[in-house]
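Notes for the one structure printed next.
The values are calculated or read from the model by the stated rules, or taken from the named source; none is laboratory data. All values reported here derive from a predicted model rather than from experimental measurement. Here the Cβ positions follow ideal geometry from the backbone for every residue, glycine too, while neighbour counts run over all protein chains shown. Note: accessible area is taken over every heavy atom of the protein model, side chains too, but ligands, DNA and RNA are not part of it. Shrake-Rupley method; radii C 1.70, N 1.55, O 1.52, S 1.80 Å.
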Amino acid sequence: MSTVLNGIAASSGVAIAKAFVHEEPDYSIELTKVESSEDEIARLEKALAVSKQELSVIKDKTEKELGPDKAEIFAAHLLVLSDPELVDAVKDKIKNESCNAEFALDEIANMFISMFENMDNEYMRERAADIRDVTKRVLGHLLGLEIKPLSTIAEPTIIIAEDLTPSDTAQLNVNYVKGFATNIGGRTSHSAIMSRSLEIPAVVGTKEVTSKVKNGMTIIVDGIDGDVIIEPSEQELSVYEEKRNQFLQQKQEWAKLVSEATVTSDGASVELAANIGTPKDLEGVISNGAEGVGLYRTEFLYMGRNELPSEEEQYEAYKAVLSGMEGKPVVIRTLDIGGDKELPYLDLPKEMNPFLGFRAIRLCLEMTDMFRVQLRALLRASAYGNLKVMFPMIASLEELREAKKLMKEEEDKLISEGVEVSDSIEIGIMVEIPSTAVAAELFAKEVDFFSIGTNDLIQYTMAADRMNERVSYLYQPYHPAILRLVKNVIDAAHKEGKWVGMCGEMAGDEVAIPILLGLGLDEFSMSATSVLPARSQISHLSKDELSSFIEKVLQLGTAQEVEELVTQTYLK
Ligand code: PEP
Ligand code: MG
């Protein structure tokens, strides 16, 4: 008998494969004195040999299946294991201090890691990451742990985890990782957003998937309806294979719209843009036919590392996105750290309510040296495309004015240094805090555009944590209060002749799309994979008809009534 768990559908599609349960093992290491250094060195050598053996197998397999460039990383890892500078230093330490091999390896590796990490050179910093990965592998053997780093998964797999951090998801090799299911998270948690940009089916917030699944079990992840089927029967397997095929066929139909404009049935145009986290996501933006980037979340550039990215590094990333989009609009959001996105190296004190705390623009306006570096990188990159800069979490006009002032100062400095800066950069804000949505009319006079961040706007308006599945019933995009706030923002902007986008997940939601069109939203920015289904849906909707339909919607009292009316009218 199979077990079926229900969670939140985070990324569309159906995946069927064997499970891999991802647990971060306990690497805590204690110093012990050993009687025989020779025996300890022999233990180290054995762990090194087993690790090399494992890595060679993975490398050969990757080379065969994915090509030599994808296998390079494992060649680099093998080199680390044979590097006499590292290995001899560990052996010397064991000999000189009669300490255990784990302790010696950990100490020496950390020394090399911090040396490489502090180098002002991307290549060397990657070496630090290689040493960290390889050391974990060897330590795992020395400590007798059963581990398998996510990056080394080399067969079709479904990952089962409590949660996946953005850096876990960034490591996944989508050629092998067919899908994932987690205990916690909601549709707008970052693991969910990443799964959509990687285009792998995912179900999050199942509460108990890790306790039900063992390594090697067959799993179905149904990212369309949010189900996880554990050890499916033959009959279930064939039902879901059929569902997967239908989804793939539908995808082919959508693909025909890739070079089309987004136009309603009565000829009104809107812009469909995509949200990205790194320049690598551009591939998906282009292959899914997005007309721009509506949100580049720059915080990923700051995460998964040990120090701030340099101006040069940021400039290269922004330039890559701007030139890759070839003049199409690109909205780059300044650093939005905090909430569920931590930067351990900033050493900020723990807060009781991180989502309401010292984050995003609040932090940037205090840590102005860091903020200025980002602004300079953005301004320098502006010469390569159609840049729009957006400030996150703006709650007051003072914050907006201060951020604009800093940007102007950096612009003037660059110009006086003779650096080329575009003279048509638009400046906008995320509307994701209710105070700003309510007072949109005041903000509209001082920005070029708004982008409504419903992921946060909903959680703050409803006082329901977007990460907490216990209160997810209150996280209601179609709640009358949310619809009124969105309407207020759009009307306020239009009164001032400004455009309004939406970059929260609501923008790609099929129930929300007719409502947002009816309210007059100008730009919809979503996961790249939602662009083509949205274009197809919009092509069947009449904007004229929707502007009267919206009157009826705005009279309804509950989110459920709204959903029912839209579904009956437009989705059946
Ligand atoms: C939002 O809050 O809607 C948004 C797009 O920002 P993030 O999901 O990065 O908080
Ligand atoms: Mg937000």
Legend entry - segment 326-417, dipole about Cα centre (Lys/Arg Cβ +1, Asp/Glu Cβ -1), debye to the nearest 20: 280 debye
Legend entry - Nonlocal amide H pairs with ASP448, under 5 Å, H built at 1.01 Å: ILE427, GLY428
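How would you order 495-502, 555-562 from highest to lowest mean count of nearby Cβ atoms within 10 Å? Let's see the in-between values first.
Working: 495-502: 19.6, 555-562: 14.8.
Highest to lowest by the protection proxy: 495-502, 555-562.
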Legend entry - Among TYR296, VAL566, ASN386 the positive-end extreme of the charge dipole of the chain (Cβ point charges): VAL566
Inset, instruction - Measure of size requested: the Rg and Dmax of segment 405-486, with Cα atoms as the atom set and Å as the unit; please supply both. - result: 17.7, 55
Inset, instruction - Would you give the gap between the C-alpha center of segment 324-361 and the C-alpha center of segment 5-27, rounded to a whole Å? - result: 26 Å
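Report the convex hull volume per residue for the chain, counting only C-alpha atoms, in Å³. Could you put the intermediate results ahead of the total?
Values: hull volume 95.8 nm³, N = 572.
Taking only Cα atoms, the chain has a hull volume of 167 Å³ per residue.
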Legend entry - Share of carbon and sulfur in the accessible heavy-atom surface of the chain [1.4 Å probe, %]: 50 percent
Inset, instruction - Give the cross-link partners of LYS350 among the lysines, using a straight C-alpha distance below 16 Å as the criterion and excluding same-chain residues fewer than 8 apart. - result: LYS341
Inset, instruction - Under a cut-off of 21 Å between alpha-carbon atoms, report the lysines in cross-link reach of LYS495, not counting same-chain residues fewer than 8 places apart. - result: LYS388, LYS445, LYS487, LYS543
Inset, instruction - Note down the net charge around ARG380, summing +1 for each Lys or Arg and -1 for each Asp or Glu among other residues with Cβ under 9 Å from its Cβ. - result: 0
Legend entry - segment 37-143: Lys pairs at Cα distance under 17 angstrom, eight or more positions apart or on different chains: 7
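Taking only complete DSSP H runs, can you tell me which helices of the chain stretch 27 Å or more along their own long axis by Cα positions and average at least -1.0 on the Kyte-Doolittle scale? Kindly include the intermediate steps, with their values, before the conclusion.
Values: long enough: 37-66 (42 Å, -0.69); 122-142 (30 Å, -0.74); 234-255 (32 Å, -1.70); 397-416 (28 Å, -1.10).
Span-like helices, by this rule, are 37-66, 122-142.
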Inset, instruction - Mind putting a number on the dipole of the chain about its Cα centre? Charges go on the C-beta only, +1 for Lys and Arg and -1 for Asp and Glu, and I need it in Debye to the nearest 20. - result: 860 debye
Inset, instruction - Give the residue from ALA317, MET430, VAL57 lying farthest towards the positive end of the charge dipole for the chain; charges sit on Cβ (+1 for Lys and Arg, -1 for Asp and Glu) and the dipole is referred to the Cα centre. - result: MET430
Inset, instruction - Determine the calculated [θ] at 222 nm for the chain from helices alone, applying -39500 (n - 2.57) to every DSSP H run no shorter than 4 residues and normalising by the residue count; nearest 500 deg cm²/dmol. - result: -15000 deg cm²/dmol
Inset, instruction - Distance between Cα centroids, segment 77-91 to segment 440-470: provide it in whole Å. - result: 51 Å
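Based on the Cβ-Cβ distance from THR218 to SER36, what FRET efficiency comes out when R0 is 56 Å, to the nearest 0.05?
Working: r = 47 Å, r/R0 = 0.84.
Computed FRET efficiency for THR218 and SER36: 0.75.
Relative contact order of segment 256-571, please, whole-number percent, based on alpha carbon pairs below 8 angstrom and at least 6 residues apart. Kindly include the intermediate steps, with their values, before the conclusion.
On the way: 583 pairs, mean separation 63.9, N = 316.
Relative contact order, segment 256-571: 20 percent.
Once you have a ≥ b ≥ c as the square roots of the Cα gyration tensor eigenvalues for segment 256-571, tell me rounded if a/c is under 1.5, and otherwise prolate or oblate according to whether a/b is larger than b/c.
prolate
Give me the net charge of GLN53's neighbourhood, meaning all other residues with Cβ under 14 Å from the Cβ of GLN53; Lys, Arg count +1, Asp, Glu -1. Don't jump to the answer; show the numbers that get you there.
Numbers: positive: LYS46, LYS52, LYS59, LYS61, ARG137; negative: GLU45, GLU54, ASP60.
With Lys, Arg at +1 and Asp, Glu at -1, the neighbours total +2.
Using a/c under 1.5 as the rounded threshold, could you call segment 5-63 rounded, prolate or oblate? The axes a ≥ b ≥ c are square roots of the C-alpha gyration tensor eigenvalues, and prolate needs a/b larger than b/c, oblate otherwise.
oblate
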Inset, instruction - Out of all DSSP beta bridges with both ends in the chain, state the antiparallel percent to the nearest 5. - result: 30 percent
Legend entry - Å² per residue, accessible surface of the chain at 1.4 Å: 44 Å²
Legend entry - Fully extended contour minus Cα-Cα distance, from SER98 to GLU441, at 0.36 nm per residue: 116.4 nm
Legend entry - For peptides 364-370, 252-258, 187-193, sequence by mean Cβ density within 10 Å, most packed first: 187-193, 364-370, 252-258
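How far, in nm, would the chain grow between GLU426 and LEU474 when pulled straight, counting 0.36 nm per residue and subtracting the alpha carbon separation? Mind showing how you got there, number by number?
Working: separation 48, 0.36 × 48 = 17.28 nm, distance 3.49 nm.
Between GLU426 and LEU474, full extension yields 13.8 nm more.
Sum up the charges of everything whose Cβ sits under 11 Å from the Cβ of GLU523, counting Lys and Arg as +1 and Asp and Glu as -1, but leave GLU523 out. Mind dumping the intermediate values first?
Working: positive: LYS388; negative: GLU271, GLU291, ASP522.
My count for the surroundings of GLU523 gives -2.
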